[in-house]
Amino acid sequence: MTDKFQKSIELSYALYDEKSILRCQHFCYIWYKDRIISIGRNSVKTNTTTFYYNPKINKDGKNISGFTGTCAELNAFLRLKNKTNIKTEKCILVNIRIDNNKKLNFSHPCLSCVSLLRFLNFKKIYFSNKNEQFEEFLVDN
């Protein structure tokens, strides 16, 4: 599994945009076997599902529903859905956050994404933490 994490980290740093207006950049990778089959990143662009899953609550419990944009998880899933019929139950999702200091940081899914991840039922979900490690996200049904 560490190979998937290392490849995801390297790709995240390669995709990191120094000129981005976002406070931090989240990247989401959907793995099937040993291949990345979809990549998503957070965006200031909106999507109709963004409004369906409100309110958006951040890791500190603060309501950030006024933020218009889409999460990396949603963008990765939409790309997956549009190009393949691989079932998410066979896939592993890896979330990474790179902060303004270019360090790996906490990328736990927001509450709106938790609803989406419950519905999609991934085989495993991992996210980076404040210690630049990875934790498994357990979706409780």
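Overview of results
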item	result
Qualifying positions in the range 100-132 - surrounded by fewer than 12 Cβ atoms within 10 Å (Cβ to Cβ) and in a helix (DSSP H, G or I)	F119
Test: I39 is open to solvent by 50 Å² or more (accessible area, probe 1.4 Å) and at pLDDT 95 or above	yes
Top-ranked residue of the range 1-39 - restricted to ones that are aromatic (F, W, Y) and assigned to a strand (DSSP E or B), ranked as nearest to the chain's Cα centre (by Cα)	F27
Members of the range 13-25 found to be open to solvent by less than 50 Å² (accessible area, probe 1.4 Å) and either at pLDDT 95 or above or of a type in the set (F, W, Y) (or both), listed by number	Y16
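The values are calculated or read from the model by the stated rules, or taken from the named source; none is laboratory data. Please read these numbers as outputs of a predicted model, since none were measured by experiment. In this analysis, Cβ positions are derived from the backbone assuming ideal geometry, glycine residues included, and neighbour counts consider all displayed protein chains. Areas reflect the complete protein model, heavy atoms only, side chains present, ligands, DNA and RNA absent. Shrake-Rupley method; radii C 1.70, N 1.55, O 1.52, S 1.80 Å.
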